[in-house]
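Down below is the structure, laid out as structure tokens.
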Amino acid sequence: MLDGEIDTKSHRNDLGAHDNPHQNEMPENICQIMWPSVYVNGLCDGPIHQRAKCVAQTIYGDDMEFDFDMLIAKAPQANTAMPWHSDEAYWPKMPDKQAMSFWTPMDDATVDNGCMWFVPGSHRQPLRLHHPVKEGHHTITCVCTEKEGVPQPIPVGSCTIHHGRTLHYTRGNTTDKPRRAYIVNFRPHTMIEWERQNNFDHGKQGIWTKNSENVNK
């Protein structure tokens, strides 16, 4: 997917387009590919999905189901940070925003290559005011700094789990190796139905980018 062998352009986006372009092996500063499961048969039946589903249902109940997935990658020396944000700020105002994201690194995630940072307890606080990180760009952010957060470096085979309101961010990748992560999200079945009935599918029908003709969120 990342090298273009699988054509994902209708689901591919640059979350770091607000920053100056880096000279690296990918055209994006922060490559985001929505819905990898659309391109890989059986991915939803694999161990990451099944184990994440088990954890989500154990914590929140049997109605938790798979909502969407994505791949996010930072090429070597792609020193663009993913700004502080809560995932919930990207979603519509639905009756229940209870959701869990499972962030699984495909490379050992370190502070230097862009591991996740979280603000402990932020899922219990009011959602902070978010705004575009730069005018005309989809990526949003809020007022937050590393002083509030805690880095969570983890090896391949591990994952972090966060609530939709949890504040998080990643530094840029200042190493000579890539940092890739696969993310799956789960939420209550009734809320997934609500999303789809309100024409919100997390970009499954195709995403819009500033320099693309593809249209969606």
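Tell me, which residue of the stretch 4-14 that is on the phi < 0 side of the Ramachandran plot and without any contact (Cβ under 8 Å) to a residue 12 or more places away in the chain is surrounded by the fewest Cβ atoms within 10 Å (Cβ to Cβ)?
Among those residues, the one meeting the criterion is 5.
Criterion first (farther than 17 Å from residue 186 by Cβ, surrounded by fewer than 17 Cβ atoms within 10 Å (Cβ to Cβ), at pLDDT 95 or above and within 17 Å of the chain's Cα centre (by Cα)) does residue 116 satisfy it?
Criteria not met by residue 116.
If we keep just the residues of the stretch 132-144 that are β-branched (Val, Ile, Thr) and open to solvent by less than 70 Å² (accessible area, probe 1.4 Å), which is farthest from residue 162 (Cα to Cα)?
133
So residue 89 fits all but one of (1) open to solvent by 50 Å² or more (accessible area, probe 1.4 Å); (2) of a type in the set (A, V, I, L, M); (3) within 19 Å of residue 195 (Cα to Cα); what number is the exception?
Going through the list (1) open to solvent by 50 Å² or more (accessible area, probe 1.4 Å); (2) of a type in the set (A, V, I, L, M); (3) within 19 Å of residue 195 (Cα to Cα), residue 89 breaks only (1).
Across the stretch 15-64, what is the number of residues that are charged (D, E, K, R), modelled with pLDDT of 95 or more and surrounded by 13 or more Cβ atoms within 10 Å (Cβ to Cβ)?
3
Can you pull out the strands (runs of 3 or more DSSP E) entirely within the stretch 36-144 that have at least 3 residues that are in contact with a Pro (Cβ under 8 Å, 6 or more places away or on another chain) and aliphatic (A, V, I, L, M)?
64-74
The values are calculated or read from the model by the stated rules, or taken from the named source; none is laboratory data. On a predicted model such as this, the values are computed, not experimentally measured, just so you know. Positions of Cβ are generated from backbone atoms using ideal geometry, with glycine treated the same way; all protein chains shown enter the neighbour counts. Surface areas here come from the heavy atoms of the whole protein model, side chains and all, with no ligands, DNA or RNA. Shrake-Rupley method; radii C 1.70, N 1.55, O 1.52, S 1.80 Å.
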